[in-house]
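Let me begin by presenting the structure, written as structure tokens, before commenting on it.
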There are 2 protein chains.
Amino acid sequence: MIRHIVLFTWTDDATAERVEEVTAGLRKLQDVIPQLRSLTVGSDAGINQGNHDYAVVADFDDVDGYVVYRDHPDHQAVIARHIKPILASRAAVQLSL
Amino acid sequence: MIRHIVLFTWTDDATAERVEEVTAGLRKLQDVIPQLRSLTVGSDAGINQGNHDYAVVADFDDVDGYVVYRDHPDHQAVIARHIKPILASRAAVQLSL
């Protein structure tokens, strides 16, 4: 299994509405990318100071499935339309489990 | 449910042996912190450039369970003995699911 993990920080332009567009856009990918087996997304819960703002955890059967997701045009559209316009920084890891 | 996600980058001092000590230390916490319901840890799979080096995904029933883990002396000992000596940067999010 491949677990893909990404954490974002947002710019000051990241209104709640724009962040909700990120969430909705990512969740819709579950309908079009069958390789995406499990998806957990959302904003930081505000328990600790100094955190990143948003997390994505996505599970795939294998590397090929992850790469289909990574490069899928619908995913790239979410990144271009909703994520990049409010993105300040990004940290990512893929775990092979 | 609370999902706690942390990504690390390591310094040049992070040998494979020292990273394995991080993994072993974190996994042992499952035996002493019952609030820690699920733990996924490991090094980046090397699929993409520019990633962080290591990820921790830990699930808890609620915020109280997460805080027990966060502040547990055995966890703090792993951080002090194994993580901080090789830590370059840290990115974290807690998701409330």
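The values are calculated or read from the model by the stated rules, or taken from the named source; none is laboratory data. The model shown is predicted, which means the values in this text are computed figures rather than measured ones. Cβ atoms come from the backbone with ideal geometry, glycine included; neighbour counts cover every protein chain shown. Side chains included, ligands, DNA and RNA excluded: accessible areas come from the protein's heavy atoms. Shrake-Rupley method; radii C 1.70, N 1.55, O 1.52, S 1.80 Å.
Which aspartates and glutamates does B:Lys84 reach when only Cα atoms under 16 Å apart count, and residues fewer than 8 places away in its own chain are ignored?
Answer for B:Lys84, where 16 Å is the Cα cut-off: B:Asp12, B:Asp13, B:Glu17, B:Glu20, B:Glu21, B:Asp53, B:Asp71, B:Asp74, listed by chain and number.
Partner chain Cβ atoms within 10 Å, averaged over the residues of A:41-53 - can you pull that number for me?
Rounded to a whole number, the mean comes out at 5.
Given a 1.4 Å probe and every protein chain left where it sits, what share in percent of the accessible area of the protein assembly as shown is carbon and sulfur?
C and S fraction of accessible area: 45 percent.
At a probe radius of 1.4 Å, figure out the A/B buried accessible area, summed over both chains, and give it in Å² to the nearest 100.
Approximately 2200 Å² gets buried when A meets B.
Bin width 5 Å, alpha-carbon pairs only: give the P(r) of the protein assembly as shown as whole percents, running from 0 to the bin holding the largest distance.
Answer for the protein assembly as shown: a P(r) of 1, 8, 15, 20, 21, 17, 10, 6, 2, 0 percent.
Taking the highest mean first, how do the peptides A:48-54, B:88-94 order by number of other beta carbon atoms within 10 angstrom per residue?
Highest to lowest by the protection proxy: B:88-94, A:48-54.
Which distances, in nm and shortest first, link the B:Leu97 label point to the same label point in every other copy, taking 7 Å along Cα→Cβ?
0.9
Given region B:2-96, what whole percent of its Cα pairs are spread farther than 20 Å?
Value for region B:2-96: 33 percent of Cα pairs lie more than 20 Å apart.
Between copies, how far does the label point of A:Ile79 sit from its twins, in nm, shortest first, when each point is 7 Å from Cα along Cα→Cβ?
Nearest first, the other copies' label points are 3.2 nm away.
Nearest to the axis that maps chain A onto chain B: list the chain A residue whose Cβ wins, with the distance in whole angstrom.
Closest to the rotation axis on chain A: A:Ala91, 2.
What is the mean number of Cβ atoms from other protein chains located within 10 Å of the Cβ atom of each residue in peptide B:5-11, rounded to a whole number?
4
If I take R0 = 30 Å and measure r between the Cβ atoms of B:Asp64 and A:Asp61 in this structure, what FRET efficiency does the formula 1/(1 + (r/R0)^6) give, to the nearest 0.05?
That pair, B:Asp64 with A:Asp61, gives E of 0.30.
If R0 is 22 Å, what FRET efficiency do you get for A:Asp71 and A:Thr23 from their C-beta distance, rounded to 0.05?
0.55
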